[in-house]
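Beneath this line is the structure, given in structure tokens, with notes to follow.
The values are calculated or read from the model by the stated rules, or taken from the named source; none is laboratory data. Treat the numbers as computed from the prediction; the structure is a model and nothing was measured. Cβ placement follows ideal geometry from the backbone for every residue including glycine, while neighbour counts extend to all protein chains displayed.
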Amino acid sequence: MGKYFGTDGYRGEANVNLTADSAFRVGKFLGWYYGQGKKEGERCRIVIGKDTRRSSYMFEYAIAAGITATGADAYLLHVTTTPSVAYVARSEDFDCGVMISASHNPFYDNGLKVINGNGEKLGEDVIEKIEDYLDGVTPEVPLATRDNIGRTVDFAAGRNRYIGYLISLATKSFKGKKVALDCSNGSASSIAKSVFDALGADTHVIHNEPNGININDKCGSTHIESLQKFVKDQGCDVGFAYDGDADRCLAIDEDGNLIDGDQIMYVCGCYMKEKGQLQDDTIVTTVMSNFGLYKALDEVGIKYEKTKVGDRFVYENMSQNGFSLGGEQSGHIIFLNHATTGDGILTSIKVMETMLAKKKSLKELASPFTVFPQVLKNVRVLDKEAAQNDEAVVAAVEKVTEELGSDGRILLRASGTEPLVRVMVEADTVDKCDKYVDQVIDVMKERGLVLDEQ
């Protein structure tokens with residue numbers, strides 16, 4: 001990770017550590033960088049999308065100004081989803097795309113997700129160049145003049161083509177299914193209902209009235225309770241909750257039970273394997289996927305890969321090995337045959353397809369998956385590397401691993417942004433999880449590695 005860009009773009013509080021000037025400079029650099037080497041008469045083309053945060057409009061204009069100032073053209077999708085920007089960038093031959101969003105964060109945060117012309121998150125080499133420019137390490141880029149100044153183009157048509165693409169992927173009519181959608185007062189508000197209505201569902205939508213400050217506010221995939229209640233009260237067959245930029249999806253079964261990303265991968269993976277669509281019968285997960293997922297996949301003969309936490313790492317593994325399904329417990333699910341990013345609305349379409357094809361409820365489809373209790377505690381340490389590699393701590397972890405055997409696991413993971421080591425245990429009871437987590441933390445304390453607990 002860089003100084004400004006993390007695993008999911010340049011993120012911070014609007015006008016505190018992510019300013020309009022920063023966005024303008026990012027736009028300037030992208031316009032200049034991708035404009036190099038263009039033939040006479042050709043222009044660099046960059047597509048921009050945004051979520052519903054109040055500051056997204058400010059950043060949209062700032063980025064567009066930077067892009068056009070260097071002679072490139074900025075195409076505005078307006079309020080749309082992150083996966084739609086990725087789709088338009090790769091399908092409409094753009095040089096790159098920018099999504100203005102801080103995903104599931106509160107409204108006062110925002111972010112710049114830069115996507116390359118293949119619809120993928122930007123490579124570290126280009127990120128390093130952007131950061132050097134922001135820090136003044138590299139010279140100022142030249143500004144265009146006269147008729148070389150770029151244009152800003154209304155490109156709402158691109159978002160509409162993405163909607164059409166989603167509709168085209170459904171293999172079944174949703175007629176007769178009562179579906180609830182929680183749009184998190186975010187990007188999905190402009191797309192999700194149109195898709196489900198077109199596919200014939202009896203669509204019921206909540207939290208789809210964004211006002212600039214209510215995005216993710218007690219709603220969406222990070223606050224699932226209101227959708228759970230709505231599904232039960234309204235007698236819906238299924239519910240889907242998206243995050244602020246709609247690249248995540250969590251589901252609710254007909255009884256109001258949460259079906260998280262791990263369970264969605266299991267449900268869709270089993271169906272894809274049955275249809276011969278699961279490449280090498282393998283699903284790509286992160287190390288934080290529930291232990292129950294691996295037990296359930298073993299039962300049905302599906303293999304799995306484990307990556308570091310972050311959908312970027314899931315995608316890299318999938319693209320390098322040709323795997324067709326992967327994702328995170330949080331609901332970032334990638335169907336690589338159809339998308340290069342997690343796509344919440346696409347995920348909900350795939351879940352619906354599985355329910356309809358198997359003629360089973362989501363509860364029935366997920367029933368073989370037993371979610372293992374999980375306890376995770378953050379330990380504030382003096383040195384993350386020293387805490388993880390300490391001889392006594394390693395021995396304590398090995399002892400827990402031996403005692404859990406095939407009925408659980410322990411994982412130590414350093415935070416990427418704070419002086420924390422996360423100790424996580426999954427086992428068949430919460431008491432057992434607590435016991436083993438505390439057992440390892442006590443050793444860290446005895447060794448003088450802990451600053452204080454958080």
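Remarks
- Failed criterion for D95 (all others in (1) surrounded by 19 or more Cβ atoms within 10 Å (Cβ to Cβ); (2) more than 24 Å from D132 (Cβ to Cβ) hold): (2)
- All positions within segment 167-186 that are over 28 Å from T222 (Cα atoms) and surrounded by 15 or more Cβ atoms within 10 Å (Cβ to Cβ): K172
- Figure legend. Inter-residue proximity from segment 34-51: first residues in the same structural domain as I100 (by TED's automatic domain parsing), second residues among the β-branched types (V, I, T) and at pLDDT below 95, beta-carbon distance below 7 Å, spacing 6+ or different chains. No pairs are indicated.
- Scanning segment 329-339 finds no residues that are hydrophobic (A, V, I, L, M, F, W, C), over 18 Å from E120 (Cβ atoms) and at pLDDT 95 or above.
- All positions within segment 172-207 that are over 29 Å from F94 (Cβ atoms) and either within 20 Å of the chain's Cα centre (by Cα) or not in a strand (DSSP E or B) (or both): K172, S173, F174, K175, G176, K177, D182, G200, A201, H207
- Odd one out for A65, checked against (1) touching a residue at least 60 places away in the same chain (Cβ under 8 Å); (2) surrounded by fewer than 24 Cβ atoms within 10 Å (Cβ to Cβ): (1)
- Looking across segment 1-47 at every residue that is among the hydrophobic types (A, V, I, L, M, F, W, C) and out of contact with any Ser or Thr (no Cβ under 9 Å at 6 or more places or on another chain), the one that is nearest to D125 (Cα to Cα) is identified as F5.
- No other residue among G158, G164, G235 is buried (at least 22 other Cβ atoms within 10 Å of the Cβ) and among the small types (G, A, S) apart from G158.
- D197 being within 30 Å of G35 (Cβ to Cβ) and at pLDDT 95 or above: no
- In this entry, T340 passes the filter for residues that are assigned by TED's automatic domain parsing to the domain that holds Y271, assigned to a loop (DSSP other than H, G, I, E, B) and surrounded by fewer than 24 Cβ atoms within 10 Å (Cβ to Cβ).
- Of the listed requirements (1) touching a strand residue (DSSP E or B) at 6+ places or on another chain (Cβ under 8 Å); (2) over 27 Å from N216 (Cβ atoms), M99 misses just one: (2).
- K28 being crowded, with 21+ Cβ neighbours inside 10 Å, touching a strand residue (DSSP E or B) at 6+ places or on another chain (Cβ under 8 Å) and basic (K, R): no
- Among the residues of segment 110-153, the one identified as among the small types (G, A, S), outside any strand (DSSP E or B), in contact with a Phe, Trp or Tyr (Cβ under 7 Å, 6 or more places away or on another chain) and within 18 Å of A64 (Cα to Cα) is G117.
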